[in-house]
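Beneath this line is the structure, given in structure tokens, with notes to follow.
The values are calculated or read from the model by the stated rules, or taken from the named source; none is laboratory data. Bear in mind the structure is a predicted one, so any value in this text is a computation, not a measurement. FYI the Cβ positions are ideal-geometry reconstructions off the backbone, even for glycines, and counts take in every protein chain you see.
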Ligand code: P6P
């Protein structure tokens, strides 16, 4: 039943699906409340002095927008006191943020990209918050938490989601029992379900990739995109559309709702880096959502949620969306590797 509140949904998940221990339910409620506060700041825009750069760089070497830091602070302050977290990690912070000793420590680890797509803020294009939830390793409650406790594969996530700050503010969430969408009801200040059990529509001929990087891509990616561009007279026998928002949350949300494929693959600009997007708080949570919606998420060869986590801010290639399209791209990588190996 749509229109039910997030709170009712979480209580029912806890009761009916046994999918939601109390601390995890509290965590999701608190993150959702923080996303309401972030939405409020995003929507103030220029009138609230929210636009522009801070003149600093984050750990990624990227220019920090005011809202990057504001959203990060909102998430830290909202979560640190609740007793549900052992620690947090953020795209905007080099080190992890252990729960301060003045607060009780919980059994979960929360990772987030507080504002994804922040280069779009000043031109009023949708941005979002991405979050991922892991369990702290057994025994962590009796020792100092460190970054190694976060080094878990995406397959161990217990929850993931994003908020997208667009014409509507939406929260899209999974706890492993499907994907659910909630809209922010600003009159009531509550999240109300707008779609249950989202599944990615199949065979929607639309690809999302930054075409300006074409000359830097590996051959399998160029082969896939060339076939899309060849249209109905080419190998695919149909025409394709293309979209690129440069905001992963907006591109992934579009794919969840109407289908298609999103790619940010390895490219030769930085050959030592596997990709641009971050594994722990961008690719893994989005992969969890996409798989729960019947799609697939690979780095080109390996299932993203099986990629070994070795560093908090490690990067990964991303090919996700319609399972058949992703499988085609993966098959092209494997064919290429086989040809290279036998050459
Ligand atoms: P490019 C935003 O900076 C981001 O991390 C993702 O949200 C987005 O998909 C990608 O980078 C855009 O990268 O190179 O096209 O600007």
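For residue 294, the stated conditions hold: it is on the phi > 0 side of the Ramachandran plot and more than 16 Å from the ligand (Cβ to nearest atom). For residue 259, the test of being surrounded by fewer than 21 Cβ atoms within 10 Å (Cβ to Cβ), touching a residue at least 60 places away in the same chain (Cβ under 8 Å) and over 30 Å from residue 95 (Cβ atoms) is passed. May I ask you to list the residues in region 10-23 that are modelled with pLDDT under 95 and buried (at least 17 other Cβ atoms within 10 Å of the Cβ)? 13, 19, 20, listed by residue number. Taken across region 132-147, residues that are in contact (Cβ under 8 Å) with a residue 24 or more places away in the chain, under 23 Å from residue 250 (Cβ atoms) and surrounded by 17 or more Cβ atoms within 10 Å (Cβ to Cβ) do occur, with at least one present. Checked against the criteria, residue 43 counts as surrounded by fewer than 19 Cβ atoms within 10 Å (Cβ to Cβ) and under 22 Å from residue 191 (Cβ atoms). With respect to residue 223, determine if the residue is in the same structural domain as residue 329 (by TED's automatic domain parsing) and under 26 Å from residue 281 (Cβ atoms). Considered against the rule, which asks whether it is in the same structural domain as residue 329 (by TED's automatic domain parsing) and under 26 Å from residue 281 (Cβ atoms), residue 223 comes out as no. Residue 278 falls short on exactly one of the conditions (1) over 13 Å from the mean Cα position of the chain (by Cα); (2) buried (at least 20 other Cβ atoms within 10 Å of the Cβ); (3) within 23 Å of residue 150 (Cα to Cα); (4) within 14 Å of the ligand (Cβ to nearest atom), and that condition is (1). Can you find even one residue in region 163-181 that is in contact with a strand residue (DSSP E or B) (Cβ under 7 Å, 6 or more places away or on another chain), assigned to a loop (DSSP other than H, G, I, E, B) and within 21 Å of residue 126 (Cα to Cα)? Taking every residue of region 163-181 in turn, at least one turns out to be in contact with a strand residue (DSSP E or B) (Cβ under 7 Å, 6 or more places away or on another chain), assigned to a loop (DSSP other than H, G, I, E, B) and within 21 Å of residue 126 (Cα to Cα).
Exactly one residue among 111, 85 is crowded, with 19+ Cβ neighbours inside 10 Å, under 23 Å from the mean Cα position of the chain (by Cα) and within 16 Å of the ligand (Cβ to nearest atom), and that residue is 111. Take the conditions in a loop (DSSP other than H, G, I, E, B) and within 16 Å of the ligand (Cβ to nearest atom) and apply them to residue 125. Does it pass? So residue 125 fits the description; yes.
All of 235, 155, 230, 208 fail the test of being within 23 Å of residue 334 (Cβ to Cβ) and exposed (fewer than 14 other Cβ atoms within 10 Å of the Cβ), apart from 235. Filtered by the rule that a residue be closer than 13 Å to residue 115 by Cα and touching a strand residue (DSSP E or B) at 6+ places or on another chain (Cβ under 8 Å), region 71-97 gives 71, 72, 74, 75, 90, 91, 92. For region 184-218, a tally of residues being more than 13 Å from the ligand (Cβ to nearest atom) and at negative phi returns 23. Taken as a whole, region 230-248 holds no residue that is farther than 18 Å from residue 297 by Cβ, free of Cβ contacts under 8 Å to residues at least 24 places away in the same chain and within 16 Å of the ligand (Cβ to nearest atom).
Scanning region 179-204 for residues that are under 30 Å from residue 266 (Cα atoms) and either out of contact with any helix residue (DSSP H, G or I) (no Cβ under 9 Å at 6 or more places or on another chain) or surrounded by fewer than 18 Cβ atoms within 10 Å (Cβ to Cβ) (or both) yields 199, 201, 202, 203.
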